[in-house]
Amino acid sequence: MKRMTLATLGFLGMFSAGAEPRTPPQANCVDARQIGGAEGISADTVALRLKDGKRFRVEFAQGCPAPENKLSVRGSRDGWLCAAPGESLVIGETQCPISTITPLDARGYADLLRQRDRQQLATLETLQVEAAGPSPSRGFRGTADYCVSVDAVRSWSETPQGITVEVSPKRAAGNRFYRLEVASGCPALANAQSMALVSGMGIGMVCGHPGDRMALVRPERELVRPGDPANVSGRYECQISRVYPVQDTR
């Protein structure tokens, strides 16, 4: 299913723009008034991101291959989607009955998008390059939901949950902090003098794809500790497995 980056949601005109808080009729309901974007994951799955930061996985009762960008809602009650009978997302001209709605945190939402894009990259045809030109991978552009620009990082710190980096919100869809998880720990991070992000795909972003990594430099005078992935230059690399936005943790 094609990615949907939605600028206009057809159902929004049905509701007033009041700012009063609303109480869902039951757990795990989506407030249709708050939908800010959607990502097509597969023929039977869409990921929704609300304007208030909540995220959901919506699965359809049957395959719904609709690549159009326009989305609307049918069958909602007072603007709520709760996977009740009769509720559908209408994508383009195709009506897609909803079977389940599952809340996601930022980490789970990022995983869903990253897995989708990995599958798309894996299906690219093998090309024989006979002249200089851009790599096919350069056509891939991750989103701020699970990627961060390598040159947008302002500062970084280590936490029990992972590495937190502060970035320019203007270059990260309004997000200020991201968490980076590493594949198998990163002992070299202790006392590192500097840290830089390196894109394994050469696209200027790290997303947790193979080859994405942190490049670290530690003082040359520091003794190498057993188990460190060290070399004599004092430079180290740690593979990044996940990237996702978080709230200010300081």
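Structural remarks
- Lone qualifier among R57, R49 - being assigned to a strand (DSSP E or B) and surrounded by fewer than 19 Cβ atoms within 10 Å (Cβ to Cβ): R57
- R179 being touching a residue at least 60 places away in the same chain (Cβ under 8 Å) and either surrounded by fewer than 16 Cβ atoms within 10 Å (Cβ to Cβ) or of a type in the set (D, E, K, R) (or both): yes
- Residue in the range 60-69 that is touching a strand residue (DSSP E or B) at 6+ places or on another chain (Cβ under 9 Å), assigned to a strand (DSSP E or B) and open to solvent by 50 Å² or more (accessible area, probe 1.4 Å) present: no
- Listed by first and then second residue, the pairs with beta-carbon distance under 7 Å, at least 6 apart or on different chains, first residue in the range 15-40 and closer than 11 Å to D52 by Cα, second modelled with pLDDT under 90 and open to solvent by less than 30 Å² (accessible area, probe 1.4 Å), are I35/L9.
- Taking the listed residues T164, T143, the one that is under 21 Å from R114 (Cα atoms) and part of a strand (DSSP E or B) is T164, with no other qualifying.
- Some residue of the range 185-208 being in contact with a Pro (Cβ under 6 Å, 6 or more places away or on another chain), at pLDDT 90 or above and not small (G, A, S): no
- Yes/no for P219 being farther than 13 Å from C238 by Cβ and modelled with pLDDT of 85 or more: no
- On inspection, G142 passes the criterion of being modelled with pLDDT under 80, over 27 Å from A61 (Cβ atoms) and open to solvent by less than 20 Å² (accessible area, probe 1.4 Å).
- Looking at T123, T164, just one residue is within 18 Å of the chain's Cα centre (by Cα) and either at pLDDT below 95 or loosely packed, with under 13 Cβ neighbours inside 10 Å (or both), and that residue is T164.
- When the residues of the range 77-93 are filtered to those that are at pLDDT below 90, surrounded by 14 or more Cβ atoms within 10 Å (Cβ to Cβ) and outside any loop (DSSP other than H, G, I, E, B), the one that is farthest from the chain's Cα centre (by Cα) is V90.
The values are calculated or read from the model by the stated rules, or taken from the named source; none is laboratory data. Because the structure is predicted, anything quoted here is derived from the model rather than measured. Cβ: placed from backbone, ideal geometry, glycine included. Neighbour counts: every protein chain shown. Surface accessibility is based on the protein's heavy atoms, side chains included, excluding ligands, DNA and RNA. Shrake-Rupley method; radii C 1.70, N 1.55, O 1.52, S 1.80 Å.
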